[in-house]
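The values are calculated or read from the model by the stated rules, or taken from the named source; none is laboratory data. All of these numbers come straight from a predicted model, not from anything done at the bench. Cβ placement follows ideal geometry from the backbone for every residue including glycine, while neighbour counts extend to all protein chains displayed. With ligands, DNA and RNA removed, areas are computed over all heavy atoms of the protein, side chains included. Shrake-Rupley method; radii C 1.70, N 1.55, O 1.52, S 1.80 Å.
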Amino acid sequence: MSILEIKNLNVEYRVEGKNIKAVKDVSLDIGVQDSIGIVGESGSGKSTLAMAILQLLPSKITKVTGEIIFDGVDLLKISEDELRKIRWKDIAVVFQKSMNSLSPVHKVGFQMSDIYKVHKPKATDREVKERILELFDLVNLSERVYDLYPHELSGGMMQRVSIALSLIYFPRLLILDEATTALDVVTQGQILNEIMNLEEKLHLTRIMITHDVSVVSSTCKKVAVMYAGCLLESGYVRDVLTKPKHPYTEGLLNSYPSLKGERKNLRGIPGTLPDLSISHRGCIFADRCKKATEICFKKEPKMLEFDNNWNVACHLVGGVDCD
Ligand code: ATP
Ligand code: SF4
């Protein structure tokens, strides 16, 4: 059963007379209690996709089309008031610097209590504190953090507080946008383990936005690979990240140290992302693809579905017959 269906989503930024197509015709089906990693290099449109789900994009400069159906409701068709009821309560997000939104002059517990009372105004102080300490326990934070100021926390503690805050209303969908990227590997590993444990307890669905394939490989069931605003390959991690069908996914994997720890030479993907304000003909990855043939520069490959919900957009896998 789906919790989120993204259908033909397009997001365009209008800046300085240019239209930047940051997300192009992306369709993605996310099931209840799925954990899906959205990977791609910087500028591929991952964060724009996450912000579009929450409708947090700057409305004056963005044009969004398509459908984002959460629990049967198209988030692109409801009012800001209705969206406010869904954000945080049903869909929560943690950014890399979420803690920056907390005030430096108030203690963590005090600020979390204030936030809790926005949607639960009748809750007693005792109830609120119990709830916050329960969340601290879930993310492995000691109770003393309740009486600390944000500047007294380490980076890892800060991100744990951000994750606890995101869970304050028991959301059903959690979006982590590079939420652990700035942490050292040990702390990152601990927090990712905690997230996986708590999502089982809380029956959460998770979308993980990251440029790090190894994070997706170790923490997600599914993966979606984005490049220059386009979705190129998606499916189960055990399929896509072990025997990728798309040359870009292969390139991403070759740019990372082996997930099994064996020695291999790292090979980056030569070239840079295309200019997103210019229309492209053919495959969006063609200029950088070692396997490109004539057809790749002329026709855009269709997204083809293989067994086990494995989707690939590349002429090599048979999608030569394109519009
Ligand atoms: P990163 O990992 O660096 O955050 P990303 O994959 O999340 O990258 P986005 O941040 O979504 O990619 O950016 C996609 C494209 O949209 C980029 O070309 C970026 O410059 C452009 N973009 C993002 N936000 C804005 C904005 N507010 N105004 C104009 N262009 C933007
Ligand atoms: Fe490479 Fe062609 Fe496949 Fe694009 S369609 S990824 S250019 S082989």
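Things worth noting here:
- Taking the stretch 268-318 as the range and being within 11 Å of ligand 2 (Cβ to nearest atom), closer than 16 Å to P244 by Cα and of a type outside the set (A, V, I, L, M) as the test, the residues that pass are F285, C289, K290, K291, C314, H315, G318.
- Residues satisfying the stated conditions in the stretch 267-284, i.e. within 17 Å of E250 (Cβ to Cβ) and in contact with a strand residue (DSSP E or B) (Cβ under 6 Å, 6 or more places away or on another chain): I284
- Set side by side, the residues R172, R144 differ, and just one is of a type in the set (K, R) and under 19 Å from the mean Cα position of the chain (by Cα), which is R172.
- Scanning the stretch 1-31 for residues that are aliphatic (A, V, I, L, M) and modelled with pLDDT of 95 or more turns up I3, L4, I6, L9, V11, I20, A22, V23, V26, L28, I30.
- Considering residues of the stretch 266-285 that are among the hydrophobic types (A, V, I, L, M, F, W, C) and closer than 18 Å to G45 by Cβ only, the residue farthest from ligand 1 (Cβ to nearest atom): C283
- Condition met for Y146 (in a helix (DSSP H, G or I), touching a Phe, Trp or Tyr at 6+ places or on another chain (Cβ under 9 Å) and open to solvent by 20 Å² or more (accessible area, probe 1.4 Å)): yes
- Exactly one residue among E41, E67, E5 is within 16 Å of ligand 2 (Cβ to nearest atom) and touching a residue at least 60 places away in the same chain (Cβ under 8 Å), and that residue is E41.
- Taken over the stretch 44-64, the criterion of being of a type in the set (S, T, N, Q) and away from ligand 2 (no atom under 16 Å from the Cβ) is satisfied by S47, T48, Q55, S59, T62.
- Residue match in the stretch 10-24 (condition: open to solvent by 70 Å² or more (accessible area, probe 1.4 Å), in contact with a strand residue (DSSP E or B) (Cβ under 9 Å, 6 or more places away or on another chain) and closer than 24 Å to L167 by Cα): no
- Some residue of the stretch 211-222 being under 28 Å from I278 (Cβ atoms), modelled with pLDDT of 95 or more and open to solvent by 10 Å² or more (accessible area, probe 1.4 Å): no
- Within the stretch 78-119, the set of residues being in contact with an Asp or Glu (Cβ under 8 Å, 6 or more places away or on another chain), among the charged types (D, E, K, R) and open to solvent by 50 Å² or more (accessible area, probe 1.4 Å) comprises K107 only.
- Residue in the stretch 91-105 that is at pLDDT below 90 and of a type in the set (D, E, K, R) present: yes
- Filter pass, G43 being at positive phi, assigned to a strand (DSSP E or B), of a type in the set (G, A, S) and open to solvent by 20 Å² or more (accessible area, probe 1.4 Å): no
- Screening the stretch 127-143 for residues that are touching a Phe, Trp or Tyr at 6+ places or on another chain (Cβ under 7 Å) and among the β-branched types (V, I, T) and picking the one that is nearest to K201 (Cα to Cα) gives I132.
- R206 being in contact with a helix residue (DSSP H, G or I) (Cβ under 8 Å, 6 or more places away or on another chain), assigned to a helix (DSSP H, G or I), buried (at least 19 other Cβ atoms within 10 Å of the Cβ) and among the charged types (D, E, K, R): no
- Hey, K122 among the basic types (K, R), in a loop (DSSP other than H, G, I, E, B) and open to solvent by 30 Å² or more (accessible area, probe 1.4 Å) or not: yes
- Pair list, Cβ under 6 Å, 6 or more apart: the stretch 103-114 residue of a type in the set (S, T, N, Q), other residue open to solvent by less than 80 Å² (accessible area, probe 1.4 Å): Q111/L102; S113/V128
- Selection of the stretch 163-189 for residues being surrounded by fewer than 16 Cβ atoms within 10 Å (Cβ to Cβ) and not in a loop (DSSP other than H, G, I, E, B) yields V185, V186, G189.
- Criterion (within 20 Å of A179 (Cα to Cα) and at pLDDT 90 or above) met by exactly one of V108, V128: V108
- Of the numbered criteria (1) part of a loop (DSSP other than H, G, I, E, B); (2) touching a Ser or Thr at 6+ places or on another chain (Cβ under 7 Å), the one V94 fails is (1).
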